[in-house]
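Enquirer: The following block contains the structure, expressed as C-alpha cells.
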Amino acid sequence: MYNRLLILYVYLFALVAGDNLIGTLLAIFGNVLVSISLTVQKYSHVKLAGTKEHRAFYRTKTWWSGFIFTCLGELANFVSYAFAPLAIVAPLNAVSVLTSSILGFIFLRERLKPKDFAKQYGLVFLGYILVIGGAYLLVSFGPNSHEKLIATNIVKHLVGWPVLLYLLLEIITFCLLLYFYKRRKANYLVIILLLVALLGSVTVLTVKAVSGMLVLTIEGTMQLNYPIFSVMFVCMVASAIFQAGFLSQACKLHDSSLVASVNYILSTFFAVLAGAVFYLEFSNEDILHICMFLLGSAVCFLGVFLITKTKKKARIFEPCVTLNMSNGVPTIHDKGPVIQPDYSGSFSYGTLVNNNGVAPAPLPVHLETPPLGPRTSDASQGHPAIKRD
C-alpha cells in the first residue's frame, strides 16, 4: 500500500514538475548524500585514529551511518537516470565535489586566520562559484526531450549505425590504450583515466537503460522479461567493476586531487557524448542551447579543477644515519620504511594522511673514505692488520 502511494506521489509530481526536474533534483540530492556519507566515514576514521582504542572501523556507528547515506545517495543517482537525460545527470557529479570540499572545510580542515584562509583557499571559493554557475547553465540549457526507455526503443537505438560505429571506435580505442597500459607499461594518468572514461560511458548507458526499464516495470509495464534487460544489466555490472579497478590504480600511481579533476572532465565528456549518440539527446536542440550547454560544461570543468587543486610542498630527503661505522664513515641510506613519518596535518579525500607531496630524492654523492689514522687499543681489537704491543 505504501509503495503504491509513493509511486502515486511521484507520478503526480512528475505531471506537475516534469521528468527533467525530477531527475535533476534526484541527481543533486544523491550527490549531496554521497558526499555527506563519505565525510561522515572519513570523520569516523579520523576519530578512531586519534584514540588508543584498537577497534575496526566497521564496528563504529558513525561509519555505518555513512554507509547507509551512501546507499541512499547511489539509489537516488540510479533513479535519476530514468527521468533526466545523461547530458544533465552526468555533469551534476560536480555537486558531490563541491559538497565534499565544503564539508571538508567545516569538519576536517585545520583552523586558520581569515587572512591566511582567504590567501590559501581563494581559488577554491572561486571554484565554488564556477561550479554553481556552470550547473545552472547545464540544467537550464540542457536537453529537454526525454523518451520512455521501453525495451523495443533500446533495441532500436542499439542496432542503429551511429551507435554501432561509436561502439566500434570505442572498442578499438580501448584495446589500444589497454595494450599500451599493460604491455608497454605506460602508466600515464591520461591513459588510465581514458580507460576509466570509456568504461564509464558504457556504465551510464546501461544504467540509464536498466533504471528506465525498472521504473516502467514499477509503474505497471513489465520490461524485465526482455533479453535486452539482462544484457544491459550484465554490461552495467561488468563495466562498473573494471572501471573501479582502473580508477583505484590511478589513485595509487598519481595525485588523488589531480585524478579527481581529470576523471570528472573525461568521464563527463564521454558520458555526454554517449548520450548524444545512443539516445539522440541533442537531436531537437538548437545551436544556442547547445553552445550554452557546452559553456556550462566548460565552466563546471574549470570549477572542479580549482576545487581539487591543492599546493603541496615536497619534503626534502633526510638521510638515515645508522650506527654501523665503516672506516670512520657513517652509512647513509634511505632503505626501509620510515618509523615515524611526518604528519602534515591536512587530510585528503579518501586517505587518513595525505602523503602525495613526498618527492623522491637521490641518494647523497658517494663519500670518499678518509685515510686511516692512529687508533686506540680498544678500536684496534679484532683487526687482523694491526699489531698489538
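Bear in mind that the values in this text are calculations on the coordinates, not laboratory data. Fair warning: this is a prediction, and the values are worked out from it, not measured in the lab. Glycine also receives a Cβ, built like all others from the backbone with ideal geometry; neighbour counts cover every protein chain displayed.
Enquirer: Please tell me the relative contact order of segment 148-280 in percent, rounded to the nearest whole number, where contacts are Cα pairs under 8 Å and at least six residues apart. Display every interim value, and only then the final one.
Expert: Working: 125 pairs, mean separation 49.8, N = 133.
Relative CO of segment 148-280 lands at 37 percent.
Enquirer: Going by how many other beta carbons lie within 10 Å of each one, how would you line up 148, 42, 119, fewest first?
Expert: Listed from fewest to most nearby Cβ atoms, that is 119, 148, 42.
Enquirer: With label points built 7 Å along Cα→Cβ from the Cα atoms of residue 253 and residue 132, find their separation and express it in nm.
Expert: Label-label distance for residue 253 and residue 132, simple model: 3.8 nm.
Enquirer: So if we plug the beta-carbon distance of residue 242 and residue 106 into 1/(1 + (r/R0)^6) with R0 = 45 Å, what FRET efficiency do we get, rounded to 0.05?
Expert: 0.80
Enquirer: Would you list 253, 214, 193, 295 from fewest to most Cβ contacts within 10 Å?
Expert: In order of increasing Cβ crowding within 10 Å: 253, 295, 214, 193.
Enquirer: Let me ask another. Show the residues, 5+ positions off or on another chain, whose built amide H is closer than 5 Å to the amide H of residue 223.
Expert: Amide H neighbours of residue 223: 217.
Enquirer: While we're here: What distance in nm separates the two pseudo spin-label positions at residue 29 and residue 54, each 7 Å out from Cα along the beta-carbon direction?
Expert: A separation of 4.5 nm, rounded to one decimal place.
Enquirer: Ratio of Rg to Rh for segment 148-280, alpha carbon only, Kirkwood?
Expert: Reported Rg/Rh, Kirkwood definition of Rh: 1.02.
Enquirer: Further, regarding this structure: Under the rule a/c < 1.5 gives rounded, and otherwise a/b versus b/c splits prolate from oblate, where does segment 263-302 land using the Cα gyration tensor?
Expert: Numbers: a/c = 4.53, a/b = 1.20, b/c = 3.78.
It is oblate, given that a/c is not under 1.5 and a/b is not larger than b/c.
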